[in-house]
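Asker: The structure that follows is given in the form of structure tokens.
The values are calculated or read from the model by the stated rules, or taken from the named source; none is laboratory data. A quick note: this is a predicted structure, and the numbers were derived from the prediction, not measured. Note: ideal-geometry Cβ built from the backbone for every residue, glycine included; neighbour counts use all protein chains shown. Quick note on the areas: whole protein, heavy atoms, side chains included, nothing else; ligands and nucleic acids left out. Shrake-Rupley method; radii C 1.70, N 1.55, O 1.52, S 1.80 Å.
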Amino acid sequence: METHKLQPLNLPLNHNEPRIMHVDLNSCFATCTQQAFPSLRGKPLVIAAYTSPNGCVVAPSIEAKQYGIKTGMTVRDARLLYPKVIVRSPDPQLYRDIHIKFKKIFMDYSPDVTPKSIDEAIIDFTDSHVLFKKGLVEIGYEIKRRMRAEIGEWISCNIGISTNRFWAKTAAGLHKPDGLDVITSKNVRDIYEKLSLIDLCGINVRYQARLNAYGIFTPIQFLDADLQKLKKQVFRSIVGYYWYLRLRGWEIDAVDFKRRSYGQSYALGKKTDNPEALAQLLMKLTEKMGRRLRHAGYTARGIHVAIVYTDWTFWHKGKVFDTEMFTTQELYKKALLVFNKQPERKVVAKLAVSCFDLSLNKSMQEGLFDNDAVERSRRVSEACDTINDKWGEYVITPALMMGMDKLILDRIAFGGVKDLQEIYAM
């Protein structure tokens, strides 16, 4: 009976006053680079994972987009579209610094700020008293002005305002770059008329095909679709109900998932099957993973290792251990144990390690044969992390990692929301 009440067959559009703001930095990586280097402003620029011809473009500047250059292209293809395009490698520390600055601006207006990625954030004004003095549109324009004044004059953003996260994100994408739009129950049908299914955040080609198979070809048809049709035919799950709510402006996406694991991966520039070289790589990845684990105040009992070989075959294995791991050495010993379970040694193209089955550090249980030496090693590990945090990564490193400081590059993961939480506390 209760479930039926939560799923009305004719749910109206959400007529409430907008309280959600979605902020999206324009061409974030490229724009941040242009802000830091004025000589690059106004010029077609791409940030690529690698600057070699086969490197993948991760962020074209606004100027580069005008030549048809898009995210996901190779540097070679970008240069075919515009031979003089400027190519730069990522600068993760610059992006993190700007992210922290714009989040601080947002916190001046509401305590409820949720980063969605390094260049996106949701501001919920439901419990914010600032709305008694200003409307969200005025606040939006004020945020734009403050970002230019306090972060940099080249920094621009798109802002969407609405009653739920989905409508707000849709609004933020309507007029790029530097737009500000509001979606409410009064104009949503007009906006849906101008969009395609694939324009809706969360609808990929596979979902589009599934909707098409049931006679839904436009967002308006999607909006008008019957709840039971979406649940029992199109999506065949509760996902259909979520879309029914989402399309009508009701919140369904404000969910904070708990961290379940920490991991690091690396695509080898120089492929190898050398056990010593791979052991060094595994140690470097484990050290990066371990620092993040300790910084968040967790221990782990599980280790997972995954390998992609040059022949495109794949192997992975996870194992849960009896004792909790905290230091890099503890994590590395178990990771190496799992790594050595490979049934066949082949040339490695990509290596990844992760730890799971997390517990808060305060609940850490010592093994049957643990002693004071274990506790001392964990205190030493925390002290090394503190030194590295203050003076720079890998100032103090395990001996096995000597000379490897430039081997594994720092990267920003797209949608790496959990990793953003780690930099706020630094």
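Asker: Can you tell me which residue in segment 74-113 is farthest from the chain's Cα centre (by Cα), limited to those that are among the polar types (S, T, N, Q) and modelled with pLDDT of 90 or more?
Answerer: It comes out as Thr74.
Asker: If I ask for residues that are touching a strand residue (DSSP E or B) at 6+ places or on another chain (Cβ under 6 Å) and either among the aliphatic types (A, V, I, L, M) or without any contact (Cβ under 8 Å) to a residue 12 or more places away in the chain (or both), which ones from segment 32-76 would you list?
Answerer: Listed by number, the residues that qualify are Leu45, Val46, Ile47, Ala48, Ala49, Val57, Val58, Ala59, Ala64, Ile69, Met73, Val75.
Asker: Does segment 30-53 hold any residues that are part of a helix (DSSP H, G or I) and either surrounded by fewer than 15 Cβ atoms within 10 Å (Cβ to Cβ) or among the aliphatic types (A, V, I, L, M) (or both), and which are they?
Answerer: Ala30, Ala36, Pro38, Ser39, Leu40
Asker: Going by the structure shown, is Lys346 open to solvent by 20 Å² or more (accessible area, probe 1.4 Å), more than 21 Å from Arg260 (Cβ to Cβ) and outside any helix (DSSP H, G or I)?
Answerer: So Lys346 fits the description; yes.
Asker: Related question: Can you tell me how many residues in segment 307-341 are crowded, with 17+ Cβ neighbours inside 10 Å and part of a strand (DSSP E or B)?
Answerer: Residues in segment 307-341 being crowded, with 17+ Cβ neighbours inside 10 Å and part of a strand (DSSP E or B): 7 in total.
Asker: Give the residues of segment 1-29 that are among the polar types (S, T, N, Q), at pLDDT 90 or above and surrounded by fewer than 21 Cβ atoms within 10 Å (Cβ to Cβ), sorted by residue number.
Answerer: Asn14, Asn16, Asn26
Asker: Pull up segment 122-143, narrow it to residues that are under 16 Å from Glu251 (Cα atoms) and modelled with pLDDT of 90 or more, then point me to the one that is surrounded by the most Cβ atoms within 10 Å (Cβ to Cβ).
Answerer: If we take residues in segment 122-143 being under 16 Å from Glu251 (Cα atoms) and modelled with pLDDT of 90 or more, then Ile123 is surrounded by the most Cβ atoms within 10 Å (Cβ to Cβ).
Yes/no matrix, rows are residues, columns are (1) within 24 Å of Asn14 (Cα to Cα); (2) modelled with pLDDT of 95 or more; (3) assigned to a helix (DSSP H, G or I):
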| position | (1), (2), (3) |
| --- | --- |
| Lys116 | yes, no, no |
| Ala149 | no, yes, yes |
| Ser185 | yes, yes, no |
| Asp190 | yes, yes, yes |
| Tyr207 | no, no, yes |
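Asker: Further, regarding this structure: Can you pull out every residue in segment 54-72 that is part of a loop (DSSP other than H, G, I, E, B) and in contact with a Pro (Cβ under 8 Å, 6 or more places away or on another chain)?
Answerer: Ser61, Gln66, Tyr67, Ile69, Lys70, Thr71
Asker: Select from segment 98-113 the residues that are over 20 Å from Cys32 (Cα atoms) and surrounded by 15 or more Cβ atoms within 10 Å (Cβ to Cβ) and list them in ascending order.
Answerer: Scanning segment 98-113 gives Tyr109, Ser110, Asp112, Val113.
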